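Participant: Before anything else, here's the structure in question.
The values are calculated or read from the model by the stated rules, or taken from the named source; none is laboratory data. Computed from a prediction, not measured in an experiment: that's the story for all the values here. Positions of Cβ are backbone-derived with ideal geometry, glycine not excepted, and every protein chain shown enters the neighbour counts. To get the accessible areas, we keep the full protein, side chains included, count just its heavy atoms, and leave off ligands, DNA and RNA. Shrake-Rupley method; radii C 1.70, N 1.55, O 1.52, S 1.80 Å.
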Amino acid sequence: MKQLSTKVTSNAHGQDSSYFLGWEEYEKNPYDEIKNPNGIIQMGLAENQLCFDLIETWLAKNPDAAGLKKEGQSIFKELALFQDYHGLPEFKKALAEFMEEIRGNRVTFDPSKIVLTAGSTSANETLMFCLAEPGDAFLLPTPYYPGFDRDLKWRTGAEIVPIHCSSSNGFQITESALQQAYQQAQKLDLKVKGVLVTNPSNPLGTMLTRRELNLLVDFITSKNIHLISDEIYSGTVFGFEQFVSVMDVLKDKKLENSEVSRRVHVVYSLSKDLGLPGFRVGAIYSNDEMVVSAATKMSSFGLVSSQTQYLLSALLSDKKFTGTYLNENQKRLKIRQKQLVSGLEAAGVTCLKSNAGLFCWVDMRHLLDTNTFEAELELWKKIVYEVKLNISPGSSCHCTEPGWFRVCFANMSEETLDLAMKRLKEYVESTDSRRLISKSSHERIKSLRKRTVSNWVFRVSWTDRVPDER
């Protein structure tokens with residue numbers, strides 16, 4: 001008799017992806033400057049460790065928040081006792097205002113339309129449960145975050161149909177790509193319930209353009225389907241550009257309170273912008289009352305602790321802190337991204353021009369032996385096992401072109417990033433040397449064969465002429 005469910009016995013979780021396998025190899029041999037200087041450097045983890053000093057300074061100046069006190073009096077018992085799944089009102093208000101601040105206060109978020117979840121993983125899965133039946137499909141532009149194969153599909157039974165994007169236009173979403181994905185879903189007899197995008201993009205490190213956002217809103221309007229905009233990297237945009245949310249586009253189109261707006265849902269988290277993945281704070285924002293109600297009930301399976309909410313409500317309510325933090329975080333991200341790009345260029349490697357996120361989309365197509373995904377995986381294995389860098393191959397992100405890799409830069413020190421680039425440069429140079437030697441040897445052999453054939457032809461020709469001269 002079968003004792004375990006198919007969820008337990010199948011590999012639908014996606015743990016066998018090279019994205020997760022790279023993590024496993026890193027955990028077996030993690031780099032440490034003192035204890036293991038020859039270990040694997042983790043460049044496959046999109047973690048923001050650049051501004052912990054700012055948060056720690058704030059905590060030192062606000063001991064009541066960390067000590068679970070209010071006006072000097074302990075509220076430990078109040079926070080430790082049962083809380084319902086709606087969340088602390090003061091935290092939802094502070095979170096809504098923080099989301100508004102990131103978007104330049106151009107749009108507003110109603111705290112009553114926020115559902116708190118244990119991270120964005122839980123938020124995305126909860127939306128799948130709310131919007132799709134098992135076997136229904138969502139369209140996702142490629143390349144996309146490898147974890148979506150787990151988050152969106154594993155427990156919900158939903159399907160993903162890729163919107164194939166190309167390097168020819170910087171992997172931007174086009175109308176033809178959207179239509180082709182929709183038609184492909186129909187050919188597979190899948191009911192399309194919506195489109196899910198990450199903005200800024202993981203793994204590209206780019207913002208969706210207003211053209212793309214307008215295209216997406218028009219598309220879901222025409223098809224009468226949903227749009228989920230995962231905006232967990234919204235506070236990481238650096239440079240001169242401001243982050244543009246799907247909420248901006250709804251406002252520009254005067255669709256804020258329309259039927260279309262009820263089919264647009266935003267996912268947010270404090271894991272990337274504040275660098276707090278361990279706190280497990282995520283959120284769904286929806287204008288659909290039924291979605292908010294159902295998602296709130298589902299959130300009881302993954303709540304944010306009252307202690308965490310209390311601490312972060314105090315932190316996010318300090319407008320002087322949040323303003324300083326966002327500005328400094330963006331400055332530091334820009335500097336660190338530039339350090340990675342410069343190191344890559346010194347190694348003869350380029351990447352997609354980016355302005356957000358904690359990673360770059362790196363072009364290593366010229367290092368492939370052949371233009372195949374098999375060659376990409378071979379290169380990835382060499383980089384992990386020989387160069388000792390864990391990076392994420394494009395195939396794990398469902399990229400349609402071999403040779404692209406996601407490389408993270410915000411989860412390590414400047415010195416460690418310099419070492420990583422030194423290792424990569426040495427590998428590229430040794431690879432170029434081997435290829436040069438191989439090419440030179442091939443040309444010498446080819447030349448020798450040509451001379452040998454020429455001499456043979458000359459001798460034969462000379463021998464043929466001798467009898468005639470006699």
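Participant: Surrounded by fewer than 20 Cβ atoms within 10 Å (Cβ to Cβ), of a type in the set (A, V, I, L, M) and part of a helix (DSSP H, G or I) - does that describe any residue in region 346-365?
Facilitator: So far as region 346-365 goes, yes, one or more of its residues are surrounded by fewer than 20 Cβ atoms within 10 Å (Cβ to Cβ), of a type in the set (A, V, I, L, M) and part of a helix (DSSP H, G or I).
Participant: Within region 191-301, which helices (runs of 4 or more DSSP H) (wholly inside it) include 3 or more residues that are among the hydrophobic types (A, V, I, L, M, F, W, C) and open to solvent by 30 Å² or more (accessible area, probe 1.4 Å)?
Facilitator: On the way: elements: 210-223, 246-252, 289-298.
By residue number, 289-298.
Participant: Which count do you get for residues in region 302-318 that are closer than 24 Å to H265 by Cα and surrounded by 19 or more Cβ atoms within 10 Å (Cβ to Cβ)?
Facilitator: Qualifying residue count, region 302-318: 5.
Okay, residues lined up against (1) among the small types (G, A, S); (2) over 30 Å from S317 (Cα atoms):
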residue: K93; (1), (2): no, no
residue: D110; (1), (2): no, no
residue: A132; (1), (2): yes, yes
residue: A137; (1), (2): yes, yes
residue: W154; (1), (2): no, yes
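Participant: Another question, if that's okay. Is there a residue in region 311-326 that is more than 25 Å from E71 (Cβ to Cβ), touching a residue at least 24 places away in the same chain (Cβ under 8 Å) and not small (G, A, S)?
Facilitator: Yes, there is a match, as at least one residue in region 311-326 is more than 25 Å from E71 (Cβ to Cβ), touching a residue at least 24 places away in the same chain (Cβ under 8 Å) and not small (G, A, S).
Participant: Can you tell me which residue in region 380-430 is most open to solvent (accessible area, probe 1.4 Å), limited to those that are in a helix (DSSP H, G or I) and of a type in the set (V, I, T)?
Facilitator: Applying the filter and picking the extreme gives T416.
Participant: Follow-up. Pull out all pairs, ordered by first then second residue, where Cβ-Cβ is under 6 Å, the residues are six or more apart or on different chains, the first lies in region 46-74 and is over 20 Å from T324 (Cα atoms), and the second is open to solvent by 80 Å² or more (accessible area, probe 1.4 Å) and part of a helix (DSSP H, G or I).
Facilitator: Within 6 Å, the pairs are L68/F76.
Participant: From L377, L340, grab the single residue that is open to solvent by less than 50 Å² (accessible area, probe 1.4 Å) and not in a strand (DSSP E or B).
Facilitator: L340
Participant: Sort out for me the helices (runs of 4 or more DSSP H) sitting completely within region 65-170 that have 2 or more residues that are in contact with a Gly (Cβ under 6 Å, 6 or more places away or on another chain) and open to solvent by 10 Å² or more (accessible area, probe 1.4 Å).
Facilitator: Filter on region 65-170 gives 119-131, 148-151.
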